[in-house]
1. If residue 25 meets every condition in (1) more than 19 Å from residue 129 (Cα to Cα); (2) assigned to a helix (DSSP H, G or I) apart from one, which number is that one?
2. Which residue out of 46, 129 is surrounded by fewer than 18 Cβ atoms within 10 Å (Cβ to Cβ) and touching a residue at least 40 places away in the same chain (Cβ under 8 Å)?
3. So which residues in the range 88-117 are farther than 28 Å from residue 395 by Cα and part of a helix (DSSP H, G or I), if there are any at all?
4. Which of the residues that make up the range 289-339 are at pLDDT 95 or above and within 30 Å of residue 468 (Cβ to Cβ)?
5. Hey, does the range 426-434 have a residue that's buried (at least 19 other Cβ atoms within 10 Å of the Cβ) and either at pLDDT below 95 or under 23 Å from residue 491 (Cα atoms) (or both)?
6. Tell me yes or no: at least one residue of the range 474-485 is touching a residue at least 40 places away in the same chain (Cβ under 8 Å), assigned to a loop (DSSP other than H, G, I, E, B) and outside the structural domain of residue 296 (by TED's automatic domain parsing).
7. Being in contact (Cβ under 8 Å) with a residue 24 or more places away in the chain and in a helix (DSSP H, G or I) is true for just one of 383, 402. Which residue is that?
8. Is it the case that residue 369 is free of Cβ contacts under 8 Å to residues at least 40 places away in the same chain, within 26 Å of residue 246 (Cβ to Cβ), more than 19 Å from the chain's Cα centre (by Cα) and part of a helix (DSSP H, G or I)?
């Protein structure tokens, strides 16, 4: 019996139940023939990707995984082309009887899983999902009315109270040589597809991976992810809760891309933290603030399973009637980090140059786009999809709707992050701004947060606003008032209807 283990975003060899189940069931066969075996495969459909930066990490991670399994005597096939055609062909050509896969949420995974189900039903192939990428299966955490939680805090408290539901994953790796029994019709499947190889050679892609503002280039793969986790726990976890809001500090784990691509698994992290706390190496009150942030990711995934329409529609239906401004000039200024608001520009430039952005600054740039510039949250989501390594469908949707005020557990519509106030509070010396907006590095820590209010100092330092650095594209006070008026009118209209 031939089993296909279909990868989507689970780029590791340990703690992968879909793979382990296939290996174990095949190993017990006494007479493994050339028609039996396990096909371990990723289907790369260029029409069903997330974004450019995300695809760049994908290419590096697939390459690492191929090398890792080859070193253990196995094979990973990577097939490029239309997903339905390639998936159907593999099933029929190799007489696949079972497909094991790890359930994923959002675009493009939901559509591909539905396509796979249709093909399997047509060909009489068993399709079995594994929920290993969740801490617990989505239907196991419900409120007293047996409905999904819509507010994070009670979701988190319930998860902690029911943590016995979190099942450990087997870290052992079976006989991977079983994945090399069947030979691919095309030897190219044993290497990166041409399009991904070409992507790795592009100047912008190489520059992004260099991560020149960091101490070392981006490191990709399961082994690098574990090294980063251990380094974070040893050096930064103790002060995480206090330092995580300050973008100038290297206080966060930077594990989000590794988690998104499944190079690390949240359950494995949970039990690793439990073990460290049990032997006294890590204190509970130090570990749990960081673990709470991981549960936000879990919360987002549960929400998207239950409310898939929120990828394109606001959770709060009343926001369907919200009027948005379509101003391409402002949108492009925001994308390029040329808004004239230093903390906003610093965040957007960090994103463009590194493929990531500090979490607090993510909230600031999102608030500025949706509430000060009155641009649709879907525009912001689309840009994050394009530029973030960790462009996670569930996190991205929840984050943008939260800031825009139209999602579950959302930031109130009347709450706008004042970027100057936030900048002064969390980047008081302007270190973060100076890193990403070097044209302002000569300014004092008082002037750097709002240079338009210190024109004399700007001129004295040789900075001509509107020439060397943009004037603000939005008046923060007036745009706040305009936002509140828009939402007030929307609410009034909704109440009347």
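The values are calculated or read from the model by the stated rules, or taken from the named source; none is laboratory data. Keep in mind that what you see is a predicted model, and the values were worked out from it rather than measured. Cβ placement follows ideal geometry from the backbone for every residue including glycine, while neighbour counts extend to all protein chains displayed.
1. (1)
2. Among 46, 129, only 46 is surrounded by fewer than 18 Cβ atoms within 10 Å (Cβ to Cβ) and touching a residue at least 40 places away in the same chain (Cβ under 8 Å).
3. 88, 89, 90, 91, 92, 93
4. 328, 329, 330, 331, 332, 333, 334, 335, 336, 337, 338, 339 - these are the residues of the range 289-339 that are at pLDDT 95 or above and within 30 Å of residue 468 (Cβ to Cβ).
5. No, because not a single residue in the range 426-434 is buried (at least 19 other Cβ atoms within 10 Å of the Cβ) and either at pLDDT below 95 or under 23 Å from residue 491 (Cα atoms) (or both).
6. So far as the range 474-485 goes, yes, one or more of its residues are touching a residue at least 40 places away in the same chain (Cβ under 8 Å), assigned to a loop (DSSP other than H, G, I, E, B) and outside the structural domain of residue 296 (by TED's automatic domain parsing).
7. Just one listed residue meets the conditions, 383.
8. The answer is yes for residue 369.
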